[in-house]
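The values are calculated or read from the model by the stated rules, or taken from the named source; none is laboratory data. All of these numbers come straight from a predicted model, not from anything done at the bench. Quick reminder, even Gly has a Cβ in these numbers, built from the backbone with ideal geometry, and neighbours come from all protein chains shown.
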Amino acid sequence: MSKVVNNPFLLGLQGMFGNAMVVKKVRGKYQLANRPSPSRSRTTSAEQEAVKAKFLKATKYAKVHAKRAEEGKPTEYTEGITANKHSVYLVAMSDKLNPPVIESVEAPDYTGAVGEAIEIIATDDFKVTGVKVIITDGNDAQLESGEAVQEDEESPDTWTYKTTSANSNVDGTVITAIARDKAKNKTTFEKEI
């Protein structure tokens, strides 16, 4: 892709130029590119429609936060601006498109007693806002549920849940972790003990 520098003929020009080139402005600089090839298929699959709907939701979400930032209203997404995500809009859109990831649920010493620690490692491209833990027995009956907490600010991806109910039969126990991010995306991870 060519970059246009100080060319008075192309300055301010955007769009299709003849049948061979496209002039567009990207981050304040003009670029000259080949004409995109026309789409071969006019029909879209259900999967493509789902992706389009997801992007539409993300665009609307990002516009709301970008407008808030332009009006000087506080938004947490200003903290996420980097060289690659150079605006509140891009940070918010990325957060809406990317749900949190639960890397692990660890309970190596779980015996079913009250007060035992369950450790969850959950990450997000912006921030994990909460992790809910649900413990069910071998018969799918819920024994307990509650919110895990971040105990150490130096490792914000680590969440800890302390058990509150006794579990007399540990065999078949399932620990479910549900991570949430600021964009209200959720990810569920189950581990059987």
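Do you know which residues across segment 82-93 are touching a residue at least 12 places away in the same chain (Cβ under 8 Å) and among the small types (G, A, S)?
Scanning segment 82-93 gives S87, A92.
Quick check on segment 22-36: of everything there that is surrounded by 10 or more Cβ atoms within 10 Å (Cβ to Cβ), of a type outside the set (K, R) and at pLDDT below 80, which residue is nearest to N84 (Cα to Cα)? So that I can check it myself, show each step before the final result.
Narrowing segment 22-36 to residues surrounded by 10 or more Cβ atoms within 10 Å (Cβ to Cβ): 22-26, 29-35.
When the remaining residues are screened for being of a type outside the set (K, R), the result is 22-23, 26, 30-34.
Keeping just the survivors that are at pLDDT below 80 gives 23, 26, 30-32.
On the way: V23: 23, V26: 14, Y30: 19, Q31: 19, L32: 22 Å.
Within segment 22-36, the match that is nearest to N84 (Cα to Cα) is V26.
Can you tell which of E106, E79 is without any contact (Cβ under 8 Å) to a residue 12 or more places away in the chain and under 18 Å from Q150 (Cβ atoms)?
That would be E79, the only listed residue that is without any contact (Cβ under 8 Å) to a residue 12 or more places away in the chain and under 18 Å from Q150 (Cβ atoms).
When segment 101-115 is examined, which residues are found to be touching a Lys or Arg at 6+ places or on another chain (Cβ under 7 Å) and part of a loop (DSSP other than H, G, I, E, B)?
G115
Mind listing just one residue for me: the one in segment 166-193 that is of a type in the set (S, T, Y) and in a loop (DSSP other than H, G, I, E, B) and, of those, modelled with the highest pLDDT?
T173
Mind listing just one residue for me: the one in segment 45-87 that is within 28 Å of M21 (Cβ to Cβ) and either of a type in the set (F, W, Y) or assigned to a loop (DSSP other than H, G, I, E, B) (or both) and, of those, modelled with the highest pLDDT?
Across segment 45-87, the extreme among qualifying residues is F55.
Kindly evaluate E147 against the criterion of being at pLDDT 95 or above and loosely packed, with under 15 Cβ neighbours inside 10 Å. Explain how you work it out, then say what you get.
Values: at pLDDT 95 or above: yes; loosely packed, with under 15 Cβ neighbours inside 10 Å: yes.
Spelling it out, E147 is indeed at pLDDT 95 or above and loosely packed, with under 15 Cβ neighbours inside 10 Å.
If F9 passes every condition in (1) at pLDDT 75 or above; (2) over 16 Å from the mean Cα position of the chain (by Cα); (3) among the aromatic types (F, W, Y) but one, which one does it miss?
(1)
Go through segment 65-92 and give me each residue that's under 24 Å from K132 (Cα atoms) and either surrounded by fewer than 17 Cβ atoms within 10 Å (Cβ to Cβ) or of a type in the set (A, V, I, L, M, F, W, C) (or both).
E76, A92
What is the residue count in segment 116-136 for residues that are outside any strand (DSSP E or B) and either in the same structural domain as E79 (by TED's automatic domain parsing) or out of contact with any Ser or Thr (no Cβ under 6 Å at 6 or more places or on another chain) (or both)?
Residues meeting the conditions: 3.
Give the residue that is nearest to the chain's Cα centre (by Cα), with candidates limited to residues of segment 139-163 that are aliphatic (A, V, I, L, M) and part of a strand (DSSP E or B).
V149
So which residues in segment 123-141 are farther than 22 Å from E79 by Cα and either in contact with a Lys or Arg (Cβ under 6 Å, 6 or more places away or on another chain) or surrounded by 12 or more Cβ atoms within 10 Å (Cβ to Cβ) (or both), if there are any at all?
Result: K132, V133, I134, I135, T136, D137, G138.
When you look at K96, is it without any contact (Cβ under 8 Å) to a residue 24 or more places away in the chain and surrounded by 15 or more Cβ atoms within 10 Å (Cβ to Cβ), yes or no?
No: the conditions fail for K96.
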